[in-house]
């Protein structure tokens, strides 16, 4: 039986329940689109303070369940790292399980590692790192990243890990800067990070065989990994 990740979006929204979030505008087909055997649900928000951009996407079918949650800094990558989580389920096996909190500024690495390494070490008791990782991931991942696999019985532990690390991320890196980082311009470092993911996205292969190529490229380039739609969202 296919494992469901329907809890991920409510957990993501709950972590930001104390914030005013503005939904990014996009055409309906880039929020929800369905082919014969795959359904895509996607959305994005900007914190009204202008400090971060939240993105969520789910690819779902009777045989596939893939969810991605990303939180990007907007104007201050020197203060706020990227929070990234992706679970890929084929049948009842979740592989890979990908999680990382990535500082885009080297000066932020020590603090980020001090906050999240203990969580990763604790989870490592049951979630072992996979030996084979794609090169594009190796280029950007941190020493405390998680690139693993798990079975359905381990999902409660994975969900608890997601909830806790997300709560700590918000508390340590979003709350302190939510009022001081208002910006109308996304930092070049953040845009370059998104472009890296767009270029190397494994989602392209999944989408290209099920949707028109122009839809797949537009979705990945402009929305899934696209620039934060700050001005339009904050109107």
Sole exception among (1) at pLDDT 90 or above; (2) closer than 27 Å to residue 106 by Cβ; (3) part of a loop (DSSP other than H, G, I, E, B); (4) over 15 Å from the mean Cα position of the chain (by Cα) for residue 133, by number: (1)
Subset of the stretch 35-63 (residues that are in contact with a helix residue (DSSP H, G or I) (Cβ under 8 Å, 6 or more places away or on another chain), in a strand (DSSP E or B) and over 17 Å from residue 166 (Cβ atoms)): 40, 42, 46, 59
Residue 128 vs (1) touching a helix residue (DSSP H, G or I) at 6+ places or on another chain (Cβ under 8 Å); (2) within 20 Å of residue 96 (Cβ to Cβ); (3) not in a helix (DSSP H, G or I): all pass except (1)
Would you call residue 175 part of a helix (DSSP H, G or I) and exposed (fewer than 15 other Cβ atoms within 10 Å of the Cβ)? yes
For the list (1) modelled with pLDDT of 90 or more; (2) touching a helix residue (DSSP H, G or I) at 6+ places or on another chain (Cβ under 7 Å), I need the number of the one condition that residue 158 fails. (2)
So which residues in the stretch 12-26 are crowded, with 16+ Cβ neighbours inside 10 Å and under 15 Å from the mean Cα position of the chain (by Cα), if there are any at all? 12, 15, 16
Scan the stretch 208-232 residue by residue and report those that are touching a residue at least 40 places away in the same chain (Cβ under 8 Å) and in a helix (DSSP H, G or I). 215, 218, 219, 222, 223, 224, 230, 231, 232
Residues that are farther than 15 Å from residue 15 by Cβ and either within 16 Å of the chain's Cα centre (by Cα) or part of a strand (DSSP E or B) (or both), drawn from the stretch 83-95: 86, 87, 88, 89, 90, 93, 94, 95
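If you take the residues in the stretch 142-163 that are in contact with a strand residue (DSSP E or B) (Cβ under 7 Å, 6 or more places away or on another chain) and outside any helix (DSSP H, G or I), which one is surrounded by the most Cβ atoms within 10 Å (Cβ to Cβ)?
146
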Tell me which of these residue 92 doesn't satisfy, since it passes every other one: (1) touching a helix residue (DSSP H, G or I) at 6+ places or on another chain (Cβ under 8 Å); (2) farther than 30 Å from residue 35 by Cβ; (3) surrounded by fewer than 19 Cβ atoms within 10 Å (Cβ to Cβ). (2)
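The values are calculated or read from the model by the stated rules, or taken from the named source; none is laboratory data. Only a predicted model underlies this, so the values are computations on that prediction, with no experimental measurement involved. FYI the Cβ positions are ideal-geometry reconstructions off the backbone, even for glycines, and counts take in every protein chain you see.
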